[in-house]
Amino acid sequence: MSDGSHPTRHGVHAPGRAAIAAPHLRTDRWWVSPLVTALGLTAFVAYSTWRAFANSNYYTEPYVSPFYSPCLGTNCADMPLGARWPLFGDWWGLSPALLVLIFPLGFRLTCYYYRKAYYRGFWAAPPACAVPEPHAKYTGETRFPLILQNIHRYFFYFAIPVAGILTYDVVLGFRDQHGHWGHAGLGTLILLINIVLIWAYTFSCHSCRHIVGGRLKHFSRHPVRYRLWSWAGKLNTRHMQLAWASLISVAVADFYVYLVASGAFHDPRFF
Ligand code: FES
């Protein structure tokens, strides 16, 4: 309000804004979406924290959990080279998942969709469209630490080799428990679905779309980049759905490997 009668004079009550007494004018259940988002992300964070620190049951021939791949420590489970990349010592015995999760975690944390999701779900900044946020000041992503969100495109570059290594893990899944090729089980299928969703999520990234098709004056002179940009654009329209689908699939893939590795479930073989 501009007459000074309202105790707070920021956001929708800032001088010059329409003097509306109601906190907002939405009559739908706008809070459902941020609530479900917050619950979903909290469940994933709780599960992944448990699994990342567990440091056990992440490999069983021929499957490796995506949470622990590439396994970069010298303290990785005994698995074939290719799934194991012992480059970084044993890191004082810490779980090797902590070494590699920095990259997919950073990619997702700085993702444009997830930013929207957790700004709304956890920080209420704002909780929904046309619902004012409760914070006194809004600086967006112009200051530290949120300005660091701009490194997203660099995490994209790391996401590509990580997805490539997970693809290799899926190829390893086409063996039986004795290392013979040409076999597949339920775990192979789960890892395969997971990597398809991870690639789709990665290529639907806004940064990917810009990298392949941005900063061009004439698409007509760059037909290949134009084609790639069109494909990335089509996937980009499904970025939110792919973000959730790949988040769920990576947890399911890890949980499946956990169940088989711990002996709680016997992996059915198709051939
Ligand atoms: Fe979501 Fe890049 S914008 S992964």
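The values are calculated or read from the model by the stated rules, or taken from the named source; none is laboratory data. All of these numbers come straight from a predicted model, not from anything done at the bench. Every residue, glycine among them, receives a Cβ derived from its backbone with ideal geometry; neighbour counts consider all protein chains shown. Each accessible area value is taken on the protein alone, full model and side chains, heavy atoms only, with ligands, DNA and RNA left out. Shrake-Rupley method; radii C 1.70, N 1.55, O 1.52, S 1.80 Å.
Applying a threshold of 7 Å to beta carbon distances and a minimum spacing of six or more residues, or different chains, the list of pairs starting in the stretch 86-101 at a residue that is on the phi > 0 side of the Ramachandran plot and ending at one that is in a loop (DSSP other than H, G, I, E, B) and of a type in the set (S, T, N, Q) reads GLY89/THR74; GLY93/ASN75.
Residues of the stretch 203-224 that are in a helix (DSSP H, G or I) and crowded, with 16+ Cβ neighbours inside 10 Å: PHE203, HIS206, SER207, CYS208, ARG209, ILE211, VAL212, GLY213.
Considering the stretch 137-169, and only residues there that are charged (D, E, K, R) and either in contact with an Asp or Glu (Cβ under 6 Å, 6 or more places away or on another chain) or within 15 Å of the ligand (Cβ to nearest atom) (or both), the residue that is modelled with the highest pLDDT turns out to be ARG153. So is LEU172 among the aliphatic types (A, V, I, L, M), more than 16 Å from the ligand (Cβ to nearest atom) and open to solvent by less than 50 Å² (accessible area, probe 1.4 Å) or not? Yes, satisfied. What are the residue pairs meeting all of these: first residue in the stretch 219-234, first residue closer than 20 Å to CYS205 by Cα, second residue modelled with pLDDT under 95 and open to solvent by 100 Å² or more (accessible area, probe 1.4 Å), Cβ atoms under 9 Å, and 6 or more apart or on different chains? Once the first residue is closer than 20 Å to CYS205 by Cα and sits in the stretch 219-234, its partners that are modelled with pLDDT under 95 and open to solvent by 100 Å² or more (accessible area, probe 1.4 Å) give TYR226/SER220. For the stretch 184-202, check the following and say yes or no: at least one residue is within 11 Å of the ligand (Cβ to nearest atom), under 26 Å from TYR47 (Cβ atoms), open to solvent by 50 Å² or more (accessible area, probe 1.4 Å) and not in a loop (DSSP other than H, G, I, E, B). Among the residues of the stretch 184-202, not one is within 11 Å of the ligand (Cβ to nearest atom), under 26 Å from TYR47 (Cβ atoms), open to solvent by 50 Å² or more (accessible area, probe 1.4 Å) and not in a loop (DSSP other than H, G, I, E, B), which makes the answer no.
Based on this model, can you work out whether TRP231 counts as among the hydrophobic types (A, V, I, L, M, F, W, C) and open to solvent by less than 70 Å² (accessible area, probe 1.4 Å)? No. Checking the stated criteria, ALA97 turns out to be within 19 Å of the chain's Cα centre (by Cα), among the aliphatic types (A, V, I, L, M) and modelled with pLDDT of 85 or more. Against the definition (in contact (Cβ under 8 Å) with a residue 40 or more places away in the chain and not in a loop (DSSP other than H, G, I, E, B)), how does ALA124 come out, yes or no? So ALA124 does not fit the description; no.
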